[in-house]
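What follows is one structure encoded as structure tokens, with my remarks underneath.
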Amino acid sequence: VQLQACGGGLVQAGDSLRLSCTASGRTLRNYALGWFRQAPGREREFVAAISRSGGTYYLDSVKGRFTISRDNAKNSVYLQMSRLKPEDTAVYYCAGDPTGILSTLRDSTRYNIWGQGTEVTVSS
């Protein structure tokens, strides 16, 4: 299965963006899905995840600003980002976790399929 992420761009602080990630080759229905990001010079970090049943989990710093959702019929996962801040600047990656274990959804090593990343730059 391949994941294709898109929707990144250059925006100003306070703006919104919607990232999309679509799979080909296999259904995502049986995966927990997540978004991770990596800023220059920093390690990849968890941003948000959605379980198979639709439960959502967020990095504290994005709670209330970001919303993750999934559409199994479209084999897609989305990240709606609002009130963006310069510290949100990073390459954002979508990923799939076949285990779907809730306690480890923040652990990137649980994910075995990854998109290629889409860059988000937030100017102040």
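Remarks
- Whichever residue in the range 90-124 is farther than 14 Å from R44 by Cβ and in a loop (DSSP other than H, G, I, E, B) and, among such residues, is nearest to the chain's Cα centre (by Cα): L105
Yes or no, residue by residue, for (1) of a type outside the set (G, A, S); (2) open to solvent by less than 20 Å² (accessible area, probe 1.4 Å):
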{"site": "Y78", "(1), (2)": "yes, no"}
{"site": "M81", "(1), (2)": "yes, yes"}
{"site": "L84", "(1), (2)": "yes, yes"}
{"site": "E87", "(1), (2)": "yes, no"}
{"site": "A90", "(1), (2)": "no, yes"}
{"site": "A95", "(1), (2)": "no, yes"}
{"site": "T104", "(1), (2)": "yes, no"}
{"site": "T109", "(1), (2)": "yes, no"}
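- Residues that are under 23 Å from S124 (Cβ atoms), hydrophobic (A, V, I, L, M, F, W, C) and within 11 Å of the chain's Cα centre (by Cα), drawn from the range 1-32: L19
- Within the range 14-31, the residues that satisfy the criterion of being touching a Ser or Thr at 6+ places or on another chain (Cβ under 8 Å) and open to solvent by 50 Å² or more (accessible area, probe 1.4 Å) are S16, T22.
- Flag for T27 being of a type in the set (V, I, T), part of a loop (DSSP other than H, G, I, E, B) and without any contact (Cβ under 8 Å) to a residue 60 or more places away in the chain: yes
- Qualifying residue in the range 33-42 (condition: polar (S, T, N, Q), touching a strand residue (DSSP E or B) at 6+ places or on another chain (Cβ under 7 Å) and closer than 18 Å to S123 by Cα): yes
- If you filter the range 53-70 down to residues that are touching a residue at least 40 places away in the same chain (Cβ under 8 Å) and in a strand (DSSP E or B), you find that the one that is farthest from S108 (Cα to Cα) is R70.
- Summed over the range 30-52, residues that are under 17 Å from R110 (Cβ atoms) and outside any strand (DSSP E or B) total 6.
Condition check ((1) surrounded by 15 or more Cβ atoms within 10 Å (Cβ to Cβ); (2) under 13 Å from the mean Cα position of the chain (by Cα); (3) charged (D, E, K, R); (4) under 16 Å from G117 (Cα atoms)) across all residues:
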| residue | (1), (2), (3), (4) |
| --- | --- |
| A39 | no, no, no, yes |
| R42 | no, no, yes, yes |
| F46 | yes, yes, no, yes |
| Y58 | yes, yes, no, no |
| V62 | yes, yes, no, no |
| S69 | yes, yes, no, no |
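- Of the residues in the range 113-122, not one is closer than 19 Å to G8 by Cα, free of Cβ contacts under 8 Å to residues at least 24 places away in the same chain and surrounded by fewer than 16 Cβ atoms within 10 Å (Cβ to Cβ).
- Number of positions in the range 74-120 that are in contact with a Leu (Cβ under 6 Å, 6 or more places away or on another chain) and small (G, A, S): 2
The values are calculated or read from the model by the stated rules, or taken from the named source; none is laboratory data. Owing to the predicted nature of the structure, the values given are computational and were not obtained by experimental measurement. FYI the Cβ positions are ideal-geometry reconstructions off the backbone, even for glycines, and counts take in every protein chain you see. Calculation scope for accessible area: heavy atoms of the full protein, side chains included, ligands and nucleic acids excluded. Shrake-Rupley method; radii C 1.70, N 1.55, O 1.52, S 1.80 Å.
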